[in-house]
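See structure below.
The values are calculated or read from the model by the stated rules, or taken from the named source; none is laboratory data. Remember, predicted model here, so these are calculated numbers, not experimental data. Cβ atoms come from the backbone with ideal geometry, glycine included; neighbour counts cover every protein chain shown. Surface areas here come from the heavy atoms of the whole protein model, side chains and all, with no ligands, DNA or RNA. Shrake-Rupley method; radii C 1.70, N 1.55, O 1.52, S 1.80 Å.
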Amino acid sequence: MIRKIAVFCGSSLGSRPDYAQAARELGALLGQSGRTLVFGGCADGLMKEVSQAALAAGGKVESEFIQDLFRESDHIPGAEEHIYPTLEERKLGLIAHSDACIALPGGMGTLDELSEVFARMQLGMKKRPLGLLNTCGYYDGLQAFISHMAAEGFLTKEWGSFIQIKSSPEGLLKALDDQASVIR
Ligand code: AMP
């Protein structure tokens, strides 16, 4: 079982309650299964939902902060905290402190973090489980675009082995655990 999972997700809640619901569901599953949530440390939006649910379910949380964005309200009692001077270093911290990554619905920050992991694996970084939580079909467009990249010859046709895309937190966690056992 994967022990430490980095979650990338919106610092906003999005327009549907389903997004926050899915974030809470994932957080609760992480906590209940004794895993550590590694995340960007912000106490807003889906980031807040997933981290509070993980803590409430008895999970451990690691916050990877950017120095300039840190606010006292982001501090979570009991969480392990790492502070980085730049966005780039923080992104690497999220990867270094986790064994797998999941992107929930989010905006450009989420897409940036997801792309970083995907691109690094393509360039030869050790493969790691990577998942996209497709709540309410939020990532259908991205999935279609990734297929288009492969069809047009800009991405390996084996891209499905790099990323798991599922609509439920439970299904995604299972797919990532299965993937981890194949990678090892
Ligand atoms: P976005 O999807 O644009 O809302 O950005 C969310 C992602 O970027 C998260 O996974 C965080 O790691 C990072 N991020 C965005 N805003 C903040 C913030 N205020 N503090 C810390 N991390 C943030």
**Selection status of Glu116, within 27 Å of Glu49 (Cβ to Cβ), in contact with a strand residue (DSSP E or B) (Cβ under 7 Å, 6 or more places away or on another chain) and among the acidic types (Asp, Glu)** = no
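Name the single residue, out of those in the stretch 119-141 being part of a helix (DSSP H, G or I) and in contact with a Phe, Trp or Tyr (Cβ under 6 Å, 6 or more places away or on another chain), that is modelled with the highest pLDDT.
Restricting to residues being part of a helix (DSSP H, G or I) and in contact with a Phe, Trp or Tyr (Cβ under 6 Å, 6 or more places away or on another chain), the top hit is Thr135.
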**Item:** Considering residues of the stretch 119-135 that are more than 17 Å from the chain's Cα centre (by Cα) and open to solvent by 70 Å² or more (accessible area, probe 1.4 Å) only, the residue farthest from Ala180 (Cα to Cα)
**Value:** Leu123
**Prompt:** Quick one: which of Ser167, Ser161 is farther than 16 Å from Leu30 by Cα and modelled with pLDDT under 95?
**Reply:** Ser161
**Checking Val182 against (1) modelled with pLDDT of 95 or more; (2) part of a helix (DSSP H, G or I); (3) not polar (S, T, N, Q), the condition it does not meet** = (1)
**Request:** Would you point out the residue of the stretch 99-110, among those that are open to solvent by 10 Å² or more (accessible area, probe 1.4 Å) and part of a loop (DSSP other than H, G, I, E, B), that is nearest to Leu46 (Cα to Cα)?
**Result:** Gly106
**Prompt:** Hey, any hits in the stretch 40-54 for a residue that's modelled with pLDDT under 95, on the phi > 0 side of the Ramachandran plot and near the ligand (Cβ under 9 Å from one of its atoms)?
**Reply:** yes
**Prompt:** Arg16 is checked against (1) basic (Lys, Arg); (2) within 10 Å of the ligand (Cβ to nearest atom); (3) in contact (Cβ under 8 Å) with a residue 40 or more places away in the chain; (4) closer than 23 Å to Leu173 by Cα and fails just one. What number does that condition carry?
**Reply:** (2)
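Would you say Ala79 is closer than 23 Å to Leu29 by Cβ, open to solvent by less than 50 Å² (accessible area, probe 1.4 Å), modelled with pLDDT under 95 and touching a strand residue (DSSP E or B) at 6+ places or on another chain (Cβ under 8 Å)?
Answer is yes for this residue.
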**Fill in**
Within the stretch 21-41, the residues that are in a loop (DSSP other than H, G, I, E, B) and open to solvent by less than 30 Å² (accessible area, probe 1.4 Å) are Arg35, Gly40, Gly41
**Request:** Would you mind finding the one in Glu64, Glu113 that is surrounded by 21 or more Cβ atoms within 10 Å (Cβ to Cβ), within 14 Å of the ligand (Cβ to nearest atom) and without any contact (Cβ under 8 Å) to a residue 60 or more places away in the chain?
**Result:** Glu64
